[in-house]
Amino acid sequence: MSNTSDAGSKNADGGYAVRVVSSISEFDREEWNTLSGTSKANPGPAYNPFISYDFLSILEESGCAVRKTGWQGHHLRLEKADGTFLGALACYAKSHSQGEYVFDHGWADAFERAGGRYYPKLQASIPFTPATGPRLLAVPGVDAPATGAALATALRSVAEGVGVSSANVTFAEAAEVDTLERTGFLRRTDQQFHFFNEGFDSYDDFLATLASRKRKALKKERREALAEGISIERLTGKDITEAHWDDFFAFYMDTGGRKWGRPYLNRTFFSLIGERMADDVLLVMARRGGRYIAGAINFIGSDTLYGRNWGCIEDHPFLHFEVCYHQAIDFAIERKLRVVEAGAQGEHKLARGYRPVTTQSAHYIVHPGLRRAVAEYLERERREVAQVSEYLEEHGPFRRG
């Protein structure tokens, strides 16, 4: 694969030009924040903290998403012929498939057994963040569908031109996947569990939507989670100190080390988040015996609370559910947030009032043979995801009618 520090300008359909750059810092901060959804101040889709300039630059500046860790920036900048900025796509050249949450290890193994070379690949996503959000980013006021189509075409052209196996756009919005599919990408679906705030004024209002047996079970679970003298603190903004980050990072490293072997985020990342994005953070901390013993970090969008990482240094029954799921629902109801996205996987979330939601991604496979095999696999997988989602919705904890 060629050097990705700057691929220069390439022609794209519709008289556009696309430039590939190796770092978010090569965009001007104010310029990036004109893109829809990247800033609380600009119009367009709801604010999503993960596509903000701050979050993406912190991932790079902290050393979490850089060439050394297998996340080489390969970001697309779309312009008019006269250089007017129109849109962008956060993208990375990857030498592995870790930290993505949309698993393609089987594709890689099959292709390499057949004599192919799956890595490097292009990954248009937010590193280590399985949260749906816009990927084909457009400046408000431009023709957003045309800009999205131009970015999709450009990504495909770049993939074909730089010698990668594929270009993968993960946790994209459904309309964007429609655009990518029209450009030759293959649609993939998966499942998460989200809480939907139906205008509740309190947690009890939410409980009233559940079957009686489920209501009683959750009340008991919340009581038992706080047994043994455990208390909960919710922190955001200037109330979060470096001492809090020290404690939370210890939880993250303990749990992440056991679960993944090598946690993806370092201590510098959390300090920079606290410095630049504290108002977008909800830190839920559990305390017992005068010290913190567990915690979860959430990010706050304009209408969504995004649950991210959890960790603990003591094991207590139901504490994970309280810190990660019940407290998130409490906060969303208080803040009048519409949705809680509780991260990847986890059918146990269903019993706690979270509903199955289909997530979307799109994949352009350069090699024709691998493309045919993946297309057949994805057709079967989409049917299975739809069937499981329908079954889980029917067997959820909510009252009938």
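Laboratory data are not the source of any read-out in this text; all were calculated from the coordinates shown. Keep in mind that this is a model prediction, so the values were computed, not measured. FYI the Cβ positions are ideal-geometry reconstructions off the backbone, even for glycines, and counts take in every protein chain you see.
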Size of electric dipole in the chain: Cβ of Lys, Arg +1 and of Asp, Glu -1, about Cα centre, debye, nearest 20: 880 debye
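Trypsin sites (Lys or Arg not before Pro), restricted to segment 83-169: which are DSSP loop and have at most 15 other Cβ atoms within 10 Å?
Details: sites: Lys94, Arg113, Arg117, Lys121, Arg135, Arg156; in loops: Arg117, Arg135.
For trypsin sites (Lys or Arg not before Pro) across segment 83-169 that sit outside H, G, I, E and B with at most 15 neighbouring Cβ atoms in 10 Å, the list reads Arg117.
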Euclidean distance of C-alpha centroids, segment 141-177 and segment 221-291, integer Å: 36 Å
Anisotropy class of segment 198-337 from Cα gyration tensor, a/c 1.5 cut: oblate
Net charge, Ile58 excluded, C-beta distance under 11 Å - Lys, Arg +1, Asp, Glu -1: -3
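With charges only on Cβ, +1 for K and R and -1 for D and E, what is the dipole size of segment 281-401 about its Cα centre, in debye, rounded to 20?
So the dipole magnitude of segment 281-401 works out to roughly 220 debye.
Which entries of Lys216/Lys349; Lys94/Lys238; Lys94/Lys349; Lys40/Lys94; Lys68/Lys238; Lys238/Lys336 have Cα-Cα distances beyond 25 Å here?
Numbers: Lys216/Lys349 16 Å; Lys94/Lys238 36 Å; Lys94/Lys349 31 Å; Lys40/Lys94 30 Å; Lys68/Lys238 33 Å; Lys238/Lys336 21 Å.
Flagged as over cut-off: Lys94/Lys238; Lys94/Lys349; Lys40/Lys94; Lys68/Lys238.
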Length gained when the stretch Asn42-Tyr377 is fully extended (0.36 nm per residue, less Cα-Cα span): 116.6 nm
Global geometry of segment 249-326, whether rounded, prolate or oblate, following the gyration tensor of its Cα atoms and the 1.5 cut on a/c: oblate
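With an 8 Å Cα cut-off and a minimum separation of 6 or more residues, compute the relative contact order for the chain in percent.
On the way: 772 pairs, mean separation 73.7, N = 401.
With pairs under 8 Å counted, the relative contact order is 18 percent.
Which value, in debye to the nearest 20, gives the size of the charge dipole of segment 198-337 about its Cα centre, when Lys and Arg are +1 and Asp and Glu are -1 at the Cβ?
Numbers: 21 positive and 22 negative charges, 102 e Å.
Value, rounded to 20: 480 debye.
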Cβ-based charge dipole, segment 19-104, positive-most Cα from Leu86, Cys64, Asn33: Cys64
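What ranking of Arg223, Arg288 emerges when the number of other C-beta atoms within 10 Å of each C-beta is taken as an exposure proxy, fewest first?
On the way: Arg223 11, Arg288 16.
By the 10 Å Cβ count, ascending, the order reads Arg223, Arg288.
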Whether the chain is rounded, prolate or oblate, judged on the alpha carbon gyration tensor where a/c under 1.5 counts as rounded: prolate
Spatial separation of Cα centroids for segment 196-217 and segment 324-401, in angstrom: 21 Å
Two-decimal ratio, segment 20-151, of alpha-carbon radius of gyration to 2.2 N^0.38 Å: 1.11
Amide hydrogen neighbours beyond the local backbone of Leu186, cut-off 5 Å, H modeled: His363, Tyr364, Ile365
Separation in nanometres of the label points that stand 7 Å from Cα toward Cβ, at Arg287 and Ala110: 5.3 nm
Separation of the Asn266 and Glu384 label points, Cα + 7 Å toward Cβ, nm: 3.8 nm
